[in-house]
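Notes follow the structure.
Nothing in this text is a laboratory measurement; each read-out follows from the coordinates by a stated rule. These numbers were taken from a predicted model, which means no experiment stands behind them. Every residue, glycine among them, receives a Cβ derived from its backbone with ideal geometry; neighbour counts consider all protein chains shown.
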Amino acid sequence: MTEEADNKMADRWQKDADGILIFTGLFSASLAAFLTVSIQDLKPNSQDTSAFYLANIYQLLADPNVSRASILATPVQPPSFSPSKSAIWVNSLWFLSLVISLTCALLATLLQQWARRYVTI
């Protein structure tokens, strides 16, 4: 009687863990898709940097009164980049969700292994 109840309980746990694994797999895949898009907000746009340098080159070439010595003496740096606080928060929450989802998948896998061993013992 007790062995049969234990087997039913372990079988229910394994089926529950299967559902959790399916859900966390799908959830993690969708989170990864969102992360690949939103992580671009955390780094500077290369087109902005190129446009900055091209504008400087244009200004130097357009002004014939500028000497080469003065051009080389003053290095020009693009404006510093700082991501917005909302982009940092959103990406932090995406990463946190991904970590929690993968942790749940790990725990569900451990539960399945434990249930299999519990039944065999």
Legend entry - Amide N proximity, region 89-118 versus Asp16 label position 7 Å along Cα-to-Cβ, cut-off under 17 Å: 104-118
Inset, instruction - For helix 85-120, report the angle its Cα long axis makes with the longest principal axis of the Cα atoms of the chain; keep it between 0 and 90° and round to the nearest 10°. - result: 20
Inset, instruction - Please say if the chain is rounded, prolate or oblate, where rounded means a/c under 1.5 for a ≥ b ≥ c the square roots of the C-alpha gyration tensor eigenvalues, and otherwise the choice is prolate for a/b larger than b/c and oblate otherwise? - result: prolate
Inset, instruction - Tabulate in residue order the Karplus-calculated ³J(HN,Hα) for region 57-64, using 6.51 cos²θ - 1.76 cosθ + 1.60 with θ = phi - 60°, rounded to whole Hz; enter x for Gly and Pro. - result: 4, 4, 5, 5, 6, 6, 9, x
Legend entry - Estimated [θ] at 222 nm from DSSP helical runs (n ≥ 4, -39500 (n - 2.57)) normalised by residues in the chain, nearest 500: -28000 deg cm²/dmol
Inset, instruction - Please name whichever of Ala105, Leu61, Ser46 sits farthest to the positive end of the charge dipole of the chain, dipole taken about the Cα centre and charges placed at Cβ: Lys and Arg +1, Asp and Glu -1. - result: Leu61
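Could you order peptides 53-65, 34-46, 18-30 by the average number of other Cβ atoms within 10 Å of their residues, highest first?
18-30, 34-46, 53-65
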Legend entry - Between 0 and 90°, nearest 10: helix 2-38 axis offset from the chain longest Cα axis: 10
Inset, instruction - Using Cα centres only, tell me the gap between region 1-37 and region 82-121 in whole Å. - result: 12
